[in-house]
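Below is one structure, written out as structure tokens, with a few remarks after it.
The values are calculated or read from the model by the stated rules, or taken from the named source; none is laboratory data. Computed from a prediction, not measured in an experiment: that's the story for all the values here. Note that each Cβ is placed from the backbone with ideal geometry, even for glycine, and that neighbours are counted across all protein chains shown. For the accessible areas, the whole protein counts, side chains as well, though only heavy atoms, and no ligand, DNA or RNA atoms are used. Shrake-Rupley method; radii C 1.70, N 1.55, O 1.52, S 1.80 Å.
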Amino acid sequence: MSGIVIERFATAAAEDPAQPLLTWYDGATGDRTELSGATLDNWVSKTANLLVDGLGLDPGDRAGVLLPPHWQTAAVLLGAWAAGVEVVTADPKITNEKISADVIFASADRLEEAAAWGADERFVLGLAPMALPMRTAPSGFVDYVTEVRTFGDHFPPYPSRSDGALVARAAARAADLGLKAGDRVLVDAAKHPDPLDWLMAPLAGGATLVLCGALDPAKLDDRASAEKVTAQLV
């Protein structure tokens, strides 16, 4: 796998595969999904195999990602990087402003935006609890959850082809945020929507994540206590 973020993910998954690595909590619905290193690695590998075996992508090809902070978004990002595929978003802070890609992954509320991208393959993510598939995929899109589950659980990492500047930014951001190895960090997704903050920096710093969407500030302390966090990005 490429870069310090992917290497840290691989190390964390291997060190204690049963330990929670990423926990997703939705304050609006109460949905809580806890993924061990082994479980997240399974989704990452399936995504990488989808890109390589399913779509025939090569290192250096491009995956457009129009997704909010979510555990499935983490699987898409890490799977793309594991396959050596460049991640392209609409946010120039993570890559660039070009809206062309070989494949695009979009949430159900961004389909109109996704349709404007020059991508040959398009996947939609419903982001439903328990990774439930969509009842019907929108025209022109394939349901990611349904499709990715058909691919293999293991993916041999590709040699490093990562963006060195992005890797350096992740490590520097982890230091800026005071994250350190062994931390369990609660992240307010609304305040930290950039993958550099909610995914890359914590992994680069050796932390595990509790990613919270629609977090009620009045219930922050209760959530932090319930999750036994040692650091917060709120």
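If you wrap the Cα atoms of the chain in a convex hull and average its projected area over all directions, you get 11.6 nm².
For the chain, the residue among Phe105, Pro133, Pro69 whose Cα projects farthest onto the positive side of the dipole built from Cβ charges is Pro69.
Once backbone amide H atoms are built at 1.01 Å from N, Leu186 has Val210, Thr230, Ala231, Gln232, Leu233 as its partners under 5 Å, excluding neighbours fewer than 5 places away on the same chain. Farthest toward the positive end of the dipole of the chain, out of Thr230, Leu21, Ala204, is the Cα of Thr230, where the dipole comes from beta carbon charges about the Cα centre. At a 1.4 Å probe, what is the % contribution of carbon and sulfur to the accessible area of the range 121-234? Here carbon and sulfur together make up 55 percent of the probe-accessible area.
With Cα atoms defining each centre, the range 105-183 and the range 33-60 are spaced 9 Å apart in the structure. Counting only Cβ charges, +1 for Lys and Arg and -1 for Asp and Glu, the dipole size of the chain around its Cα centre is about 280 debye.
If I take R0 = 25 Å and measure r between the Cβ atoms of Ala128 and Asp216 in this structure, what FRET efficiency does the formula 1/(1 + (r/R0)^6) give, to the nearest 0.05? Efficiency for this residue pair is about 0.75.
Annotation: extensible slack from Thr29 through Val234 equals 71.8 nm (criterion: 0.36 nm per residue apart, minus Cα-Cα distance). In summary, the convex hull built on the alpha carbon positions of the range 40-161 has an orientation-averaged projected area of 7.0 nm². Taking the Cα atoms of the range 151-232, the ratio Rg/Rh between the radius of gyration and the Kirkwood radius comes to 1.05. Take each peptide in 214-227, 183-196, count the other Cβ atoms within 10 Å of every residue, and average; sorted highest first, the result is 183-196, 214-227.
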